[in-house]
Structures are given as structure tokens and as C-alpha cells.
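Notes to accompany the following structure.
The values are calculated or read from the model by the stated rules, or taken from the named source; none is laboratory data. Because the structure is predicted, anything quoted here is derived from the model rather than measured. In this analysis, Cβ positions are derived from the backbone assuming ideal geometry, glycine residues included, and neighbour counts consider all displayed protein chains. The protein model used for the area step is the full one, side chains on, heavy atoms only, and it has no ligands, DNA or RNA in it. Shrake-Rupley method; radii C 1.70, N 1.55, O 1.52, S 1.80 Å.
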Amino acid sequence: MIHLSFDAGQSARFVSPDEVALFNREISLHRNNIYEKKGKGNDFLGWVTLPEEISGQLLKQLQDDAQSIRSQSEVVVVIGIGGSYLGARAVIEALSGAMPFKNAGQSPDPEILYAGHHLDEDYHYALLKYLENKDYSLIVISKSGTTTEPAIAFRLLRKHLEEKYGVPEAAGRIYAITDASRGALKQLADEQKYKSYVIPDDVGGRYSVLTPVGLLPIAVAGYNIETLMAGAVAMAEHLQKEDKLQQNPAAKYAVLRNILYNKGKHIEILATYNPSLLFMIEWWKQLFGESEGKEGKGIFPAGVGFTTDLHSLGQYIQEGRRSIFETVISVGNTRHSLTIPEDSQDLDGLNYIAGKRLSYVNEMASRGTMMAHLEGEVPNLEIRLPAINETTLGELIYFFEMSCALSGYILDVNPFDQPGVEAYKRNMFQLLGKPGA
Ligand code: PA5
């Protein structure tokens, strides 16, 4: 059984059932290519069976290591960029949204900080200063083992850690997640005897959150990785079983976004009314942007956090260029309850909603916005989660991964490569005078 549901009902005015039905044959072809590992980029289809194939032994090892890291660290710094960073942060922020304000020293969970996802000097300086008085560990993640941003951050942090604890103890506080045999990080991890985990060869960075890349940081943060994987397994089984386009939420989402794209809706905004999902949107932006944006094609994936952004981008969405469609992630139940108090003076005029839950007001804001956007020619798709927890996040991750692969195949691109990201690196290396660049 899955808990996530996908609803395209609001967009019936923009896409007819006949237009969807035209994709029946194509979807079955693409599904076949994915499950039989025959499609474009088929050497990177390892994510398809990852949830069901992950061994109990690996999960146990991750949990044990997470426990050791937790017991020796007030702070854990996760070093990585792109697919080696966003998935872990997306899940950790989504799950910690139930209790975002933790008093230092009072929580059993270490503080999770991130580095190596940009090159800002002040940020990394401030991080090193902050770590001076903290017990901390490092999780360094890079599939290639050669990416500049995390490599620089790791060099800075490793030096800091070694000066603080001495080389032997520092080595026990470093966990490396990288390729099985290649890359500078692999070599360093072997030489220094860091505890290491492998990113499977057939899983690309942005599809790697359900490998140790995401699972170790998530477990260190105190969340249940077995339940997360169980959610992904449930979704994987559901999507494999449902071979009818209309019954398969991932196929339906992929088809609808391509139909809308072909009708001139070149921008998709993924909207949430729950700030804890903002990093899930960042992960989604990378997944779809890097997978589809190539060969002069692709939907531009943008993200919005409502109601906050209704007071900024809301104007553009309502009345700007009509090239946008919107996908909303709706969440049924919050984890805590808060009602709006009655006020005897009622100067703010809010007594008409006194006694109502804040989540009810949020839901009415969401419904009102969807209606307004539909009136403004912004088609709406909706992904519904009954609540934010490990199970539903596991489902959501796999749902998006499968949708993205199908959508990329509909667009006729290889959703698993990213040749375009090399361009900036070439120029940067030349400007920096890298030998051989
Ligand atoms: O999806 C991808 O492949 C990329 O976003 C990578 O994850 C990102 O560039 C980081 O690469 P690496 O893990 O090799 O450091």
C-alpha cells in the first residue's frame, strides 16, 4: 500500500483524457526500457531496484556507524555538492521540521551542518571558527572523488580536525562515501584508513539518496532509514505493478508535464506550503533540471515556498508570462497542533478564525491559491502526502525518480548524464591555472 497520491483533476481544462491516452504505448515502451535496463543511459539504472536490493547487513552497518558518530559528535559536517548533498539535506530538513528549534546541548541529536556545496570563503571561515569549541566528525561524499568544491572543503576541515584531535583520532572521525575503486577520495580514504562506503557504479549522483550517500547522514541525524527504505520499496513495487498509465502516478505525472510543456508551459514550479519541504524542492530541482535540461530541451524546474512566496513571486505567477504550470505537494496532517486564540479586543479582526487550527488556514490558503492560479491559466497538478515522515518521504523520492526517468525518455534525452556541467569547470580550471587544463 502507498500513501502518496497524485491528482491531476484541477488541470482537466488544459489536458484532455484523450491527449493522455495517446501516451499509452509510449509509456509502456519506456517502462520496459527502464525495467529491462535497455533505455538511454542504461548503465545508470541501478536506482530502479536499489530499495529492494539494499541488504539488511548494509542498513545495520549504517545504523551502527551512525550511532558511533552520534556518540562522539556534537556537530557532524556533511561535505558534498549536488547529488552528493541535496538528498540527505532534503530528508533531514523535512523530518526535523517537526522540531526545528533545538536548544544546543539539550538535544540527543548532533547538529548537522553542510560544507563543500559552494565556495564562499566567509561561510567556510565561520564554520571552522564555530567548530573550534565543538566535538565534531566529518562525512565526506563524492562519487567522482575529484569535485572541486567538496575537495577544498574537505582539505580545510581535515586540517582543522587533525590539528584539533591529532591525526589518528581525526581519522576515526572521518567517514568517506565514494566510488568503489576510482578517484582521489578513494585513494585518500584507503591510505588514511577512513571508514568508507561505496556509491554503486550504476547509480548517478542525483539518484543516490537511497544509498549510503543519503542514508548515513540521515541515520546520524536520528531518523529511521529502514522506514525510509520501506517507503521507497512500497512505491517501487506499486509503480512496477501498475502498468496502466492512468493508474500509475509516476507515469501520469511524467506524461502530463510533457503535454503541458508541448503546449508552451516551459516552466514548472514545485510548490510547498510546508517550509520543511523547501530542500526537497531543491533536490527535485537538481533531479529534473540536470536530467532533462539538454539538447536545447527541457522544462525549467523552479521552486516556491508558499504562502511566503505569494507575497513575492505570487504576482508573476498570477499575471506574468503564461508559460508556467504548478505542481503542489500537499501535506494532510501536521505533527503538532496549534489553534488560533480568541482575543477580546479583536483589533486584528482574526476572531472569525479563532479556534481554528493553523494547518486549516494553511490548507484554505492552498486551495484559494490553486483556484486563483487556475483562473490565471496556470495548470495545477497535486501530489498529496498524508503526513511528512520517513515512509512518505521514501515514497516521494522514488516517485520523483521514476517520473524523472520516464519524463526524460518522453523528451528523448538521456536523463542520467550531465555533459553541460563540465563547461564552467573547464573555464574555472583554465582561469585557476590547473596543470593540463
Ligand atoms: O547528479 C550528479 O551526478 C551531480 O550533481 C553530482 O552529484 C555532483 O556534481 C557531485 O559529484 P561528485 O559526487 O562526483 O562529487
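A few notes on this one:
- Taking the listed residues Ala271, Ala254, Ala250, Ala221, the one that is outside the structural domain of Leu396 (by TED's automatic domain parsing) and either more than 30 Å from Glu111 (Cβ to Cβ) or not β-branched (Val, Ile, Thr) (or both) is Ala221, with no other qualifying.
- Test: residue in region 336-343 that is under 22 Å from Leu4 (Cβ atoms), surrounded by 15 or more Cβ atoms within 10 Å (Cβ to Cβ), outside the structural domain of Ala98 (by TED's automatic domain parsing) and without any contact (Cβ under 8 Å) to a residue 60 or more places away in the chain: no
- Matching residues, region 139-160, being surrounded by fewer than 23 Cβ atoms within 10 Å (Cβ to Cβ) and aliphatic (A, V, I, L, M): Ala151, Ile152, Leu156
- Candidates Glu290, Glu282: the one that is in a helix (DSSP H, G or I), surrounded by fewer than 23 Cβ atoms within 10 Å (Cβ to Cβ) and modelled with pLDDT of 95 or more is Glu282.
- Restricting attention to region 171-213, the residues that are within 23 Å of the chain's Cα centre (by Cα), part of a loop (DSSP other than H, G, I, E, B) and more than 12 Å from the ligand (Cβ to nearest atom) total 4.
- Residue within region 161-174 that is among the hydroxyl-bearing types (Ser, Thr, Tyr), out of contact with any strand residue (DSSP E or B) (no Cβ under 6 Å at 6 or more places or on another chain) and under 17 Å from Leu138 (Cα atoms) present: yes
- Single residue of region 89-117 satisfying the filter (more than 20 Å from Tyr130 (Cβ to Cβ) and assigned to a helix (DSSP H, G or I)) that is farthest from the ligand (Cβ to nearest atom): Leu95
- Breaking point among (1) surrounded by fewer than 20 Cβ atoms within 10 Å (Cβ to Cβ); (2) assigned by TED's automatic domain parsing to the domain that holds Leu245; (3) touching a Leu at 6+ places or on another chain (Cβ under 9 Å), for Arg25: (3)
- Among the candidates Ala254, Ala232, the residue that is closer than 29 Å to Val76 by Cβ and touching a residue at least 60 places away in the same chain (Cβ under 8 Å) is uniquely Ala232.
- Selection count where residues are more than 14 Å from the ligand (Cβ to nearest atom), in a helix (DSSP H, G or I) and crowded, with 22+ Cβ neighbours inside 10 Å, scope region 217-227: 4
- Residues (open to solvent by 10 Å² or more (accessible area, probe 1.4 Å) and either closer than 21 Å to Val20 by Cα or in contact with a Gly (Cβ under 8 Å, 6 or more places away or on another chain) (or both)) located in region 389-417: Glu390, Thr391, Tyr409, Ile410, Leu411, Asp412, Asn414, Phe416, Asp417
- The condition (being basic (Lys, Arg) and away from the ligand (no atom under 16 Å from the Cβ)) is satisfied by just one residue among Lys294, Lys241: Lys241.
- Residue among Gly264, Gly320, Gly296 that alone is open to solvent by 10 Å² or more (accessible area, probe 1.4 Å) and within 20 Å of Asn414 (Cβ to Cβ): Gly296
- No other residue among Gly80, Gly41 is within 16 Å of the ligand (Cβ to nearest atom), under 26 Å from Thr147 (Cα atoms) and in contact with a helix residue (DSSP H, G or I) (Cβ under 8 Å, 6 or more places away or on another chain) apart from Gly80.
- Scope region 137-170; condition part of a loop (DSSP other than H, G, I, E, B) and within 15 Å of the ligand (Cβ to nearest atom); matching residues: Lys143, Ser144, Gly145, Thr146, Thr147
- Among the candidates Asp309, Asp346, residue that is among the acidic types (Asp, Glu) and more than 21 Å from His266 (Cβ to Cβ): Asp346
- Boolean, Lys356 is surrounded by 12 or more Cβ atoms within 10 Å (Cβ to Cβ) and under 30 Å from Val413 (Cα atoms): no
- Among the helices (runs of 4 or more DSSP H) confined to region 327-435, the ones with at least 2 residues that are touching a His at 6+ places or on another chain (Cβ under 9 Å) and modelled with pLDDT of 95 or more are located at 390-410.
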